[in-house]
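J.: Below is the structure I would like to discuss, written out as structure tokens.
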2 protein chains.
Amino acid sequence: MPPGALGRLESLALRLAGIRQTLTPRTDRKRILTFAADHGIAAAGVSAFPQEVTAQMVANFAAGGAAINVLCRDGGIEHLVFDVGVAASLDCAGVVSAPVRRGTRNFLKEPAMTAEECEKAWRVGSGAADTAREDGVDLLGIGEMGIGNSTSAAALLCAILDLPAEVVVGRGTGVDNAGLGRKVATVKEALRIHRETCGDRARDWLAAVGGYEIAAMAGAIERAVAVGIPLVVDGFIATASATVVMADNPLAREGLFFSHCSAEGGHGRVLQELEVEPILDLDLRLGEGTGAALAMPIVSGSAALLREMATFRSAGVAEKGE
Amino acid sequence: MPPGALGRLESLALRLAGIRQTLTPRTDRKRILTFAADHGIAAAGVSAFPQEVTAQMVANFAAGGAAINVLCRDGGIEHLVFDVGVAASLDCAGVVSAPVRRGTRNFLKEPAMTAEECEKAWRVGSGAADTAREDGVDLLGIGEMGIGNSTSAAALLCAILDLPAEVVVGRGTGVDNAGLGRKVATVKEALRIHRETCGDRARDWLAAVGGYEIAAMAGAIERAVAVGIPLVVDGFIATASATVVMADNPLAREGLFFSHCSAEGGHGRVLQELEVEPILDLDLRLGEGTGAALAMPIVSGSAALLREMATFRSAGVAEKGE
């Protein structure tokens, strides 16, 4: 093969080989985990949608009607949904029920969660990664649903990466200018309130301004990296989870595939700070794991090329000459 | 769904709906056509590889060992290979044999092909698009193989889009600086030689400096657009074919999906001139249809979303409020 002709697919394939410790990495069994939870910060008027939408979307996931369901069906990807803290009593067949609490607290008034609650949510995610390993999943993806969580993720990213709120905060599912102003002010105030107690400890910030689904995704990421399952990170919110993990273990980057650069706020800038290159750039800002689902065929294709492609020599093709 | 949350997938899906004249476009049956031919201009020392590589790669396609074979298998895509003018006697099962001539002429000395030869190659492509329609193909892709064809494509693009050779010419499969200089000089000289006879007629330029595979791809593109089969264009060389078609029918753009921005020369600039936005940007420069294969799942996903996604109302999700 002409050197470099496969461009970024080569580095994707080589990283897969490193994670799986084989030159023939398989990607047959793909699975996406969608974690859902509610946020006390929604009371601050930071979302264009009311809080009950979280529970309604979980019901929609269970019914198979959401974007992530459609993309998983189209891409041959298994899909699991976790309630890790939705502010409603859910009784949906097909949803893994593991609520830590019915929504976090309003982090303008107190920490969003206790350290114990944060740990509990984290373990839901790490347990899901363990299950994926037991099930022989070759490629794992994560995504989320939670009204208010783009504000929570922005606060977390600003705190850990030391970026200004104006750079990171975006419109989420579509707040107007006034709403955007409220989000920026909320993040600034949250950083001020919690700085003294959290310092530069990413896990403390996660508990102070994060969410149960953000903690669960972080747990899944940490565990997937530890046990060697390649993991595809969804968009802005999922990147916040990855940032928490990478703050304590920068090498985790090697086990992760950042699926896309979201249209949300400063996602592009955040990815730059993390020194990672997203696979896709399609102006998505839907979450749920949709970016991960769309990037999986590219990761899968790169693995297939590494496994199955004939070299020039084995195919009897003449070498490059001058 | 929050407005715009699906980003560029929305415009992909809406264009598919327009092409297929249905709000439930299917993409079940996907097919990629790889056209192969040789180029007299290879004698000018414009390629890093010897001409016999074209025939060897066609044999590799037939044996299933090339990148395009691997990606088509991984993506559930049918793959057909056409010999439209390889400079060797090929006897490969599984290759559609339709050679116009054993390679084009050296366009520094005379036109690469006669108008009749160009038309013959074009019809191989349009016939393949007709067959795809008869077979019920939902999504068609095109790609190519031909040592020397990045020089041919660059000349064609410079002529039709009136761009300088220095902007468009690239390293192909990897020429060194001296080779790059020869390619630029070759393109400039070709433009000078053929300008008087070709004027601003794209089809005349195609015959003068193009290739049989480039003409065949143009035929497939024109016919696919005419009969309403959505077509995914591969990289730099395939874009030259699309440019020929769009020169005579700018509306053809609506029927085409440009799969990726190649690392080859001025492909990004060319796509800008054509006012099209590529789906992927992965630094590929392999051709064969590999970019088309990698972009097909994204196009397919956008169609699935349009077909199958519940609206907020049908899923019982609360509307946006203030």
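The values are calculated or read from the model by the stated rules, or taken from the named source; none is laboratory data. Predicted model only: the values in this text are computed from it and were never measured. Positions of Cβ are backbone-derived with ideal geometry, glycine not excepted, and every protein chain shown enters the neighbour counts. Surface areas here come from the heavy atoms of the whole protein model, side chains and all, with no ligands, DNA or RNA. Shrake-Rupley method; radii C 1.70, N 1.55, O 1.52, S 1.80 Å.
J.: Against the conditions (1) buried (at least 21 other Cβ atoms within 10 Å of the Cβ); (2) modelled with pLDDT of 95 or more, where does residue B:5 fall short? Just the number, please.
T.: (2)
J.: Now for a different question. Might you let me know whether region B:41-51 holds any residue that is polar (S, T, N, Q), open to solvent by 40 Å² or more (accessible area, probe 1.4 Å), under 24 Å from residue B:170 (Cα atoms) and free of Cβ contacts under 8 Å to residues at least 60 places away in the same chain?
T.: no
J.: Look at region A:44-56 and say how many of its residues are within 10 Å of residue B:318 (Cβ to Cβ) and at the interface with chain B (Cβ under 7 Å from one of its Cβ atoms).
T.: So the answer is 5.
J.: Going by the conditions given, is residue A:216 under 21 Å from residue A:289 (Cα atoms) and in contact (Cβ under 8 Å) with a residue 40 or more places away in the chain?
T.: When the stated conditions are applied, residue A:216 passes them.
J.: Something else now. Condition check: within 10 Å of another protein chain (Cβ to nearest Cβ) and either among the β-branched types (Val, Ile, Thr) or within 13 Å of the chain's Cα centre (by Cα) (or both). Does residue A:293 satisfy that?
T.: Yes, satisfied.
J.: Considering region A:261-273 alone, what residues qualify as being free of Cβ contacts under 8 Å to residues at least 60 places away in the same chain and open to solvent by less than 10 Å² (accessible area, probe 1.4 Å)?
T.: The one that is free of Cβ contacts under 8 Å to residues at least 60 places away in the same chain and open to solvent by less than 10 Å² (accessible area, probe 1.4 Å): A:271.
J.: Among the candidates A:216, A:303, single out the residue that is over 28 Å from residue A:115 (Cβ atoms) and either open to solvent by less than 10 Å² (accessible area, probe 1.4 Å) or touching a Lys or Arg at 6+ places or on another chain (Cβ under 7 Å) (or both).
T.: A:303
J.: While we're here: Please tell me if residue B:113 is within 26 Å of residue B:293 (Cβ to Cβ), of a type in the set (A, V, I, L, M) and in contact with a helix residue (DSSP H, G or I) (Cβ under 8 Å, 6 or more places away or on another chain).
T.: No.
J.: Only one residue in B:232, B:227, B:276 is touching a strand residue (DSSP E or B) at 6+ places or on another chain (Cβ under 6 Å), surrounded by fewer than 20 Cβ atoms within 10 Å (Cβ to Cβ) and touching a residue at least 12 places away in the same chain (Cβ under 8 Å). Which one?
T.: Result: B:276 is the single residue among B:232, B:227, B:276 that is touching a strand residue (DSSP E or B) at 6+ places or on another chain (Cβ under 6 Å), surrounded by fewer than 20 Cβ atoms within 10 Å (Cβ to Cβ) and touching a residue at least 12 places away in the same chain (Cβ under 8 Å).
J.: Only one of (1) in a loop (DSSP other than H, G, I, E, B); (2) in contact with a Ser or Thr (Cβ under 8 Å, 6 or more places away or on another chain) is not met by residue A:3, so which one is it?
T.: Going through the list (1) in a loop (DSSP other than H, G, I, E, B); (2) in contact with a Ser or Thr (Cβ under 8 Å, 6 or more places away or on another chain), residue A:3 breaks only (2).
J.: With the requirement that a residue be surrounded by fewer than 19 Cβ atoms within 10 Å (Cβ to Cβ), closer than 16 Å to residue A:61 by Cα and not polar (S, T, N, Q), what does region A:86-103 give you?
T.: Within region A:86-103, A:88, A:90, A:91, A:92, A:93, A:94, A:96 qualify.
A quick yes/no check of all residues on (1) hydrophobic (A, V, I, L, M, F, W, C); (2) more than 8 Å from chain B (Cβ to nearest Cβ):
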site	(1), (2)
A:4	no, no
A:11	no, yes
A:14	yes, yes
A:29	no, yes
A:32	yes, yes
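J.: Still on this structure, please answer the following. Which pairs do you get when a residue that is free of Cβ contacts under 8 Å to residues at least 40 places away in the same chain, found in region A:160-180, comes within reach of a residue that is open to solvent by 60 Å² or more (accessible area, probe 1.4 Å), reach meaning Cβ atoms under 7 angstrom, with the pair 6+ apart or on two chains?
T.: The qualifying pairs are A:165/A:188; A:180/A:171.
J.: Continuing with the same structure: Does residue B:16 meet the test of being open to solvent by less than 10 Å² (accessible area, probe 1.4 Å) and either on the phi < 0 side of the Ramachandran plot or part of a helix (DSSP H, G or I) (or both)?
T.: So residue B:16 passes the test.
J.: Just one of A:128, A:159, A:132 is crowded, with 24+ Cβ neighbours inside 10 Å, over 17 Å from the mean Cα position of the chain (by Cα) and assigned to a helix (DSSP H, G or I); which is it?
T.: A:159 is the lone residue from the list that is crowded, with 24+ Cβ neighbours inside 10 Å, over 17 Å from the mean Cα position of the chain (by Cα) and assigned to a helix (DSSP H, G or I).
J.: Of everything in region B:252-303, what is acidic (Asp, Glu) and under 20 Å from residue B:218 (Cα atoms)? Give them in sequence order.
T.: Residues satisfying the conditions are B:254, B:264, B:273, B:275, B:277, B:288.
J.: Ok, one more. Out of A:182, A:171, I need the residue that is open to solvent by 60 Å² or more (accessible area, probe 1.4 Å), part of a loop (DSSP other than H, G, I, E, B) and closer than 18 Å to residue A:264 by Cβ. Which one?
T.: When all the criteria are applied, what remains is A:171.
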